Structure formats: C-alpha cells, structure tokens
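Novice: The structure's right below; bear with me while I get my questions together.
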C-alpha cells in the first residue's frame, strides 16, 4: 500500500518473529496511504457484515 501511495520503502525485513517496516515520502503520499488504509478497513468491515448476515 505504501508503494502504491507514492512512498518509498526504505526497510521491509523480519528478524526472528519481529517485523520491521520503514517508509519515506511527502505528506501527500501519507494522505493517500491513510485513504487506502481507510478503504481497506471499510471493505473488510463490509465483508464481515455480509458474512454475518448470511450466517443468520
């Protein structure tokens, strides 16, 4: 999502069970990233709601 939003990924690694992520970019890229996260969360919530509705 960070790359798609226009941010540069500086570090994306795992040491043992610990994950490390580091990105850099302009404020506009951060806003696009936040918008993408919001859309993903809304889509996930809608999918869970639809699944719950079909289970009842």
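Novice: Report P(r) for the chain: all Cα-Cα distances, bin width 5 Å, range 0 to the bin holding the largest distance, values in whole percent.
Specialist: For the chain, the pair-distance distribution reads 4, 18, 16, 15, 15, 13, 10, 6, 3, 0.
Novice: Roughly what angle does helix 27-55 make with the longest principal axis of the chain, taking Cα atoms, 0 to 90 degrees, to the nearest 10?
Specialist: For 27-55 against the chain, the angle is about 20 degrees.
Bear in mind these aren't lab numbers, they're just calculated from the coordinates by the rules spelled out. From a predicted model like this one, the values you see are computed outputs, not experimental measurements.
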